[in-house]
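So the structure is just underneath, and the comments pick up after that.
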Amino acid sequence: MFNLSSRSEQRLSEVHPDLQKVVRLAIRKSKTDFTVLEGLRSATRQKQLVAQGKSKTLDGRHITGHAVDLGAYVGGQVSWDWEHYYRLAEAVRDAAVELGVPIVWGGVWDKRLNLLHDTKQAVADYVQSRKAVGRDAFIDGPHFELDRKEYPA
């Protein structure tokens, strides 16, 4: 079983309490250790990320404390290997289901993570559905947010 570091706890402390609960339960369920890379974000930081192509909106959920970015922590450092993010998403999904908190994952933006069974297949299906209508699929494996429908800013 893994635990959040004091740095992750500090970053997590600034986001919505329901999201905090999900992340704290997810770390205990996860087969992959993770760190909280970012929680609450300033509008200035959001503008920088949009300019760098790392975000698509100036109306990001981080600004209101409704989102976190989680990094898979493997071998003493953050790993960007997608296999870890599928497992991480499964841990967040299981925690969200247990707590009854609707979460949207950056791997599949158009469905609640709570409803996904196979995260890897769900990402592939999402990418294919976007391409089928001539749109790019911006996928962001580390990103988890409270569903806007139930948690408006």
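The values are calculated or read from the model by the stated rules, or taken from the named source; none is laboratory data. These numbers come from a predicted model, not from an experiment. Virtual Cβ from ideal backbone geometry, glycine too; neighbours counted across all protein chains shown.
Checking the conditions here, which among L37, L113 is of a type outside the set (D, E) and in contact with a Gly (Cβ under 6 Å, 6 or more places away or on another chain)? Result of the check over L37, L113: L37. Taking first residues from the stretch 38-57 that are more than 20 Å from G71 (Cα to Cα) and modelled with pLDDT of 85 or more and partners that are surrounded by 11 or more Cβ atoms within 10 Å (Cβ to Cβ) and not charged (D, E, K, R), the Cβ contacts under 8 Å between residues at least 6 apart in sequence or on separate chains come to A43/L58; A43/I63; K47/L58. Per the listing T44, T35, the residue uniquely hydroxyl-bearing (S, T, Y), touching a Phe, Trp or Tyr at 6+ places or on another chain (Cβ under 9 Å) and either crowded, with 21+ Cβ neighbours inside 10 Å or outside any loop (DSSP other than H, G, I, E, B) (or both) is T35.
Of all the listed residues (G100, G75, G107), the sole one being buried (at least 19 other Cβ atoms within 10 Å of the Cβ) and either out of contact with any Gly (no Cβ under 8 Å at 6 or more places or on another chain) or not aliphatic (A, V, I, L, M) (or both) is G107. Looking only at the stretch 112-124, count how many residues are under 13 Å from the mean Cα position of the chain (by Cα) and not polar (S, T, N, Q). Count: 2. State whether the residues of the stretch 114-128 include one that is in contact with a helix residue (DSSP H, G or I) (Cβ under 7 Å, 6 or more places away or on another chain), part of a loop (DSSP other than H, G, I, E, B), without any contact (Cβ under 8 Å) to a residue 60 or more places away in the chain and closer than 17 Å to S55 by Cβ. So far as the stretch 114-128 goes, no, none of its residues is in contact with a helix residue (DSSP H, G or I) (Cβ under 7 Å, 6 or more places away or on another chain), part of a loop (DSSP other than H, G, I, E, B), without any contact (Cβ under 8 Å) to a residue 60 or more places away in the chain and closer than 17 Å to S55 by Cβ.
Taken together, E9, E14 contain a single residue that is more than 12 Å from the chain's Cα centre (by Cα), assigned to a helix (DSSP H, G or I), farther than 15 Å from D147 by Cα and at pLDDT 95 or above, which is E9. Any idea which residue in the stretch 58-72 is surrounded by the most Cβ atoms within 10 Å (Cβ to Cβ), counting only those that are in contact with a helix residue (DSSP H, G or I) (Cβ under 7 Å, 6 or more places away or on another chain) and at pLDDT below 85? For the stretch 58-72, the residue satisfying everything is G60.
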